[in-house]
Amino acid sequence: MSLTRFEPAHPRLQRSELAVPGSQPVLFQKALDGEADYVFLDLEDAVAPADKEPARKTVISGLLDHDWKARGKTIAVRVNGIDTHYMYRDVVDVVEQAGHRLDTVLVPKVGVPADVYLVDALLTQIETARRIPHRIGIEVLIETALGMANVEAIAQASRRLEAMHFGVADFAASLHARTVSIGGLNPDYPGDQWHGALVRMVTACRAYGLRAIDGPYGDFKDPDGFRAAARRAAALGYEGKWAIHPSQVPLANEVFTPPAAEVERARRILLALDEAARAGRGAAQLDGRMIDAASARMAQNIVAIAAAIAARTAGTPALATTRA
Ligand code: GLV
Ligand code: MG
C-alpha cells in the first residue's frame, strides 16, 4: 500500500437519493415521510427557467420548515450550473438563509477542479459570515465529457467533497450517445454502454476517499430495469443510486443493502482470519475457499455498511455522529 493516503470523506449512508423538484413543495412532506437516505431539493433541471427564482424561496422554506435531520435524512440542494446566472444566487441565498439546516450542495455539470473551488470559496465565506457551525459538504455531478476527462483532478479539488454522482442523462447528451431511455441500455451495444464511465468515476472516487453514486433511471414504471442498473453499479463499488420517483427508493435501498447472508459470511471471514492470525497464519480456508487479508478488507466494507444501516434503522445517526 502506498504511504500516500487520502482520508475518506465525511461518511453518510447514501443508498437511495430522492430527487425532489424545488418548485413542488407538496412533494417535500412526502420525501420527508419516505425511506430515502438522502433527499436533494432541485433548483436545476427539474425547474423551468420561469420558476427558478420562486423555487429558490420554496427550497429555503423547505429547509427551514422541516427538520430533515431529525427524520434521519441527509438533505442536499442541487444548485444550477456555474455557467448559468442563477448559480451564485442559489448558493448565496440558500446558504445564507438556511445553511445551518443544509448538509451538502450538489453541483451539476462540473468540468474542471476550479468549478468546485468556486463553490468551496463561496461556502467558506458564507459559513464564516453567518457563523454556520458545521462544514457544508460538496457533491458533484460528473455528467459531461469534460467532467469525465478531468474526473481524477476534480476528485481532489476540495476537502469539502464527499461524493460524485454519475449523471447518465447529461453524459449521454454530452457524448452524443444513442440512448433508449435515461440510464437504460441500448440493445445495439454489446453489454453495458456506461461501463467504462462508471468504472472511471468510481475509481477516481475511491482513490480520493469519496463515495460514488449512480444517477437516474428514467423509466420509473420499470422496476426490473432499475434494479438491474442499480445492481450493475453496486457490483462496481457504487454506494447508492438516485430515485427520480418515490417508487424507486425501496428498490435502491434493497439493492444497496448487503444481503443478510453476505453480512453473515463477512463476519465469519473476519472471525476465521482472527483465528488464523492467532495461529500465526495470514491466510485461512472458509467453505472450501482461500481467504486472506484482502478478503478481510472486503468483509470490513460489508460489515461497516451493515452497521450503518442498522444504526439508521435504530434511529441513531448513521456512520458518523459529528460533522467534519
Ligand atoms: C442527472 O442530472 C443526469 O443528467 O443524469
Ligand atoms: Mg444532469
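Bear in mind these aren't lab numbers, they're just calculated from the coordinates by the rules spelled out. The shown structure was predicted, so the numbers you read here are calculated from the model rather than taken from an experiment. So basically every Cβ, Gly included, is an ideal-geometry build from the backbone, and we count neighbours across all protein chains shown.
Checking the Cα-Cα distances for K57/K241; K109/K221; K30/K57; K30/K69; K57/K221; K69/K109 against a 25 Å cut-off, the pairs over it are K57/K241; K109/K221; K57/K221; K69/K109. With the charge dipole of the chain set up from +1 on Lys and Arg Cβ and -1 on Asp and Glu Cβ about the Cα centre, the Cα lying farthest toward the positive end among the listed residues M1, P187, G240 is that of M1.
A P(r) calculated from all alpha carbon pairs of segment 260-314, with 5 Å bins opening at zero, reads 4, 21, 28, 22, 12, 7, 5, 1 percent. Distance from the alpha carbon centroid of segment 207-238 to that of segment 100-119 works out to 22 angstrom. Each part reduced to its alpha carbon centroid, segment 269-287 and segment 289-307 end up 12 Å apart.
Cα centroids of segment 1-77 and segment 155-176: 17 Å apart. Computed over segment 78-120, the Cα gyration tensor eigenvalues convert (square root of 5λ each) into semi-axes of 18, 11, 8 Å, ordered from largest to smallest. Taking a straight line from the alpha carbon of K52, these aspartates and glutamates sit under 18 Å away, with near neighbours fewer than eight places off in the same chain left out: D42, E44, D83, D90, D93, E96.
The relative contact order of segment 197-307, computed from alpha carbon pairs under 8 Å that lie at least 6 residues apart in sequence, is 20 percent. The relative contact order of segment 93-146 comes to 54 percent, based on Cα pairs under 8 Å that sit 6 or more residues apart.
Working from Cα pairs under 8 Å separated by at least six residues, relative contact order for the chain is 17 percent. Ordering of 216-226, 292-302, 277-287 by packing is 216-226, 292-302, 277-287, highest average first (other Cβ atoms within 10 Å, averaged per residue). Helical runs assigned H by DSSP (4 residues or longer) give the chain a calculated mean residue ellipticity at 222 nm of -13500 deg cm²/dmol, each run adding -39500 (n - 2.57) before division by the residue total. Sorting 249-260, 76-87 by average packing, meaning the other beta carbons within 10 Å per residue, from highest down gives 76-87, 249-260.
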